[in-house]
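Structure, as structure tokens:
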């Protein structure tokens, strides 16, 4: 028999999520520091809790390195360097 969907039991409780979000907000808003200090959750799970519990105060992690340089600056930077 094949299931239509699979739902995994959460590894951490809601209370642990609240502790992690509070720690993140009170100690420099650093994903890695919070995960390393508390020993849980993963950075992805912490980001999910932040989106759920404090959406206005969360900062999404950058993907593929430093992607702060976005938009036109990123697109025109190679041309500017050649000129």
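Observations
- The residue of region 20-42 that is farthest from residue 53 (Cα to Cα), among those that are part of a loop (DSSP other than H, G, I, E, B), in contact with a helix residue (DSSP H, G or I) (Cβ under 9 Å, 6 or more places away or on another chain) and in contact (Cβ under 8 Å) with a residue 12 or more places away in the chain, is 40.
- When residues of region 1-19 are limited to those that are touching a helix residue (DSSP H, G or I) at 6+ places or on another chain (Cβ under 9 Å) and in a loop (DSSP other than H, G, I, E, B), the one modelled with the lowest pLDDT: 10
The values are calculated or read from the model by the stated rules, or taken from the named source; none is laboratory data. Keep in mind it's a predicted model, so treat the numbers as computed, not measured. Please note: Cβ atoms are built from the backbone with ideal geometry, for glycine as well, and neighbour counts cover all protein chains shown.
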